[in-house]
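Report on one structure; see the data block that follows.
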Amino acid sequence: MQPTASHFVNGAYLEDTDGARMPVIFPATGEEIAVVHEATPAVVEAALKAAFEAQKEWAAWMPVERGRVLRRAADIMRERNRELSELETLDTGKPVQETLVADATSAADALEYFGGLVATLTGEHVPLGGDWAYTMRVPLGVCVGIGAWNYPTQIAAWKGAPALTCGNAMVFKPSEQTPLCALKVAEILVEAGAPAGIYNVVQGAGAVGKALVEDARTAKVSLTGSAATGKKVYASAAAQMKHATMELGGKSPLIIFDDADVESAVSAAINANFYASGQVCSNGTRVFVQRGIKEAFLARLVERTAQAVIGDPRDEATNFGPMVSEDQLSIVCSYVEKGVSEGARLVHGGKRLDQPGCFIEPTIFADVTDDMTIAREEIFGPVMSVLEFETEEEVIERANATDLGLSGAVFTADLTRGHRVVHAIDAGSVWINQYNLTPVEVPFGGMKGSGVGRENSKAAIEHYSQLKTVYVGMSPVEAAF
Ligand code: NAD
């Protein structure tokens, strides 16, 4: 099942052992499960050349035929869901209980959705008296996709599916932490009939990503990563006036009012902080709970979090796995120390497990205040901050007091208040009495420092194509002299 070489270029696996060795570590045991090699300049060149040469022909295909390739790829992904999920678990350490339902399946959803949408992408006829104009939706060219390590299969497809739908080619660089899954996406697309060169995968860290963004042949970059990387990549794309989609980090508020269903709110807080061991960009890591139910909420939260089944993510009974890497684990541990030293009350977890692998307990802090580091910075791990509030006005102001704006949610039984509060939250995706559901049918992306552009839904089409206007003159041209 594992990919057979480091890169996938021009329709086939490609190896170049001159590139630096990148061991792939299974985070649950620390074992080396594979080795890939960083793309050398020759590999990067081969991928860009293949993409550049293949794109024009692909764009000239009948749209329904392009769609058929994507839909076939979706079917293959669903048929192989078990193997792909197991690979995702090895790559990331996420429990197979999660990967079976969240990764190849959501990648397949994107391939199916955009494959179905492709034939509807038409322009407009604009009457102008005697003259008229029409618009055409045309591809951008070669798009660069750069991924984070938390959802390697999903990110490869969420970028690839709309890009290919619109007639572009893609060169995708996965995170150096999780290089394996995107290769399977490329392999499946070719098996489904995609022409060679339309979707290429090259490995490497930031320098390889930078080379792709800076190459004059690439027209667009879509990055999923941290806000700090986003600023660099966005600036680099702007230097050549390239299109950019930036899917970055968050520090999102989850607001729970006194009248909320406590069990449902506790479930949401668990999902919004501990799914994928907290390595989810849209997580609701600032849990604002209204004073009247705070103690009841905390008691149930701690009781239920104690029931997490922490262990080998390959075991389907496990529902809480390791962090992706030792580095990420030590970042999370240092935030836990800061939480304690700045005076937050540790009510659950906080300890690294005394066993091989990158495990830390799901961690809950109460009595967190807005100025504490754990309430201000994205941790990207299983650390929940519970903050108390009294009034609606107050919580809206505090929820928005961040440079980030990816997500947010409100839990309340009062429908009008639910809508009023989510309307006031500055974030790209907000939920009422729900958290972190991001189906392909709806746009996903950030406001403020959480990014620009949108993935998924019809909105993604705007970010992988451009409009061309054709003005048709129907009478002789007149001039002043
Ligand atoms: P990261 O920013 O360290 O790396 C992201 C990717 O960018 C990697 O592939 C990396 O190699 C590449 N990169 C780094 N420097 C680069 C450069 N100068 N030029 C081009 N590419 C470069 O992020 P990470 O640690 O892999 O992922 C975690 C972050 O991603 C978190 O902040 C999280 O919130 C965010 N994230 C966002 C979303 C979203 O959709 N909004 C989804 C998942 C993760």
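The values are calculated or read from the model by the stated rules, or taken from the named source; none is laboratory data. Remember, it's a predicted structure, so these values are computed and weren't measured experimentally. All Cβ positions, even for glycine, are placed from backbone atoms using ideal geometry, and neighbour counts span all protein chains on display. Just so you know, the surface numbers come from the protein's heavy atoms only, side chains and all, with ligands and any DNA or RNA stripped out. Shrake-Rupley method; radii C 1.70, N 1.55, O 1.52, S 1.80 Å.
What the table below lists for this structure:
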| quantity | calculated |
| --- | --- |
| From Leu387, Leu329, Leu353, residue being in contact with a Lys or Arg (Cβ under 8 Å, 6 or more places away or on another chain) and under 25 Å from Thr99 (Cα atoms) | Leu329 |
| Every residue from region 184-233 that is open to solvent by 30 Å² or more (accessible area, probe 1.4 Å) and among the basic types (Lys, Arg) | Lys210, Arg217, Lys231, Lys232 |
| Unique residue being surrounded by fewer than 23 Cβ atoms within 10 Å (Cβ to Cβ) and in a loop (DSSP other than H, G, I, E, B) when the list is Thr469, Thr438 | Thr438 |
| Tally, over region 377-395, of residues that are in a helix (DSSP H, G or I) and either surrounded by fewer than 22 Cβ atoms within 10 Å (Cβ to Cβ) or in contact with a Pro (Cβ under 7 Å, 6 or more places away or on another chain) (or both) | 3 |
| Which listed residue is more than 10 Å from the ligand (Cβ to nearest atom) and at negative phi, from Ala227, Ala239 | Ala239 |
| Among residues of region 139-153, those that are under 17 Å from the mean Cα position of the chain (by Cα), more than 9 Å from the ligand (Cβ to nearest atom) and either under 19 Å from Thr105 (Cβ atoms) or open to solvent by 10 Å² or more (accessible area, probe 1.4 Å) (or both), counted | 2 |
| Among (1) assigned to a loop (DSSP other than H, G, I, E, B); (2) surrounded by 19 or more Cβ atoms within 10 Å (Cβ to Cβ) - the single one Ile374 does not satisfy | (1) |
| Region 298-307: number of residues that are free of Cβ contacts under 8 Å to residues at least 60 places away in the same chain and either assigned to a helix (DSSP H, G or I) or in contact with a helix residue (DSSP H, G or I) (Cβ under 7 Å, 6 or more places away or on another chain) (or both) | 5 |
| Filter result for Ser277 (at pLDDT 95 or above, hydroxyl-bearing (Ser, Thr, Tyr), on the phi > 0 side of the Ramachandran plot and buried (at least 23 other Cβ atoms within 10 Å of the Cβ)) | yes |
| Pairs, first in contact (Cβ under 8 Å) with a residue 12 or more places away in the chain in region 277-289, second basic (Lys, Arg) and buried (at least 24 other Cβ atoms within 10 Å of the Cβ), C-beta under 9 Å, six or more apart | Ser277/Lys94; Gln279/Lys94; Asn283/Lys251; Thr285/Lys251; Arg286/Lys251 |
| Residue in region 318-355 that is least open to solvent (accessible area, probe 1.4 Å), counting only those that are touching a residue at least 24 places away in the same chain (Cβ under 8 Å) and over 22 Å from Ile270 (Cβ atoms) | Ser325 |
| Pair list, Cβ under 8 Å, 6 or more apart: region 234-255 residue of a type in the set (Lys, Arg), other residue surrounded by fewer than 19 Cβ atoms within 10 Å (Cβ to Cβ) | Lys251/Arg376; Lys251/Glu377 |
| Residue in region 271-290 that is over 24 Å from the mean Cα position of the chain (by Cα) and over 28 Å from Gly445 (Cβ atoms) present | yes |
| Subset of region 450-464 (residues that are within 11 Å of Gly428 (Cα to Cα), in a loop (DSSP other than H, G, I, E, B) and open to solvent by 10 Å² or more (accessible area, probe 1.4 Å)) | Gly453, Arg454 |
| Selection within region 99-124 - open to solvent by 10 Å² or more (accessible area, probe 1.4 Å), within 29 Å of Ser277 (Cβ to Cβ) and among the charged types (D, E, K, R) | Asp109, Glu112 |
| Considering residues of region 399-417 that are under 26 Å from the mean Cα position of the chain (by Cα) and not aliphatic (A, V, I, L, M) only, the residue surrounded by the fewest Cβ atoms within 10 Å (Cβ to Cβ) | Asp403 |
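Residue-by-condition table, conditions (1) over 29 Å from Ala228 (Cβ atoms); (2) within 12 Å of the ligand (Cβ to nearest atom); (3) at pLDDT 95 or above; (4) touching a Gly at 6+ places or on another chain (Cβ under 8 Å):
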residue: Gly418; (1), (2), (3), (4): yes, no, yes, no
residue: Ile432; (1), (2), (3), (4): yes, no, yes, yes
residue: Leu437; (1), (2), (3), (4): no, no, yes, no
residue: Val442; (1), (2), (3), (4): no, no, yes, no
residue: Ser450; (1), (2), (3), (4): no, yes, yes, yes
residue: Lys458; (1), (2), (3), (4): yes, no, yes, no
residue: Tyr471; (1), (2), (3), (4): yes, no, yes, no
residue: Glu478; (1), (2), (3), (4): yes, no, yes, no
residue: Phe481; (1), (2), (3), (4): yes, no, yes, no
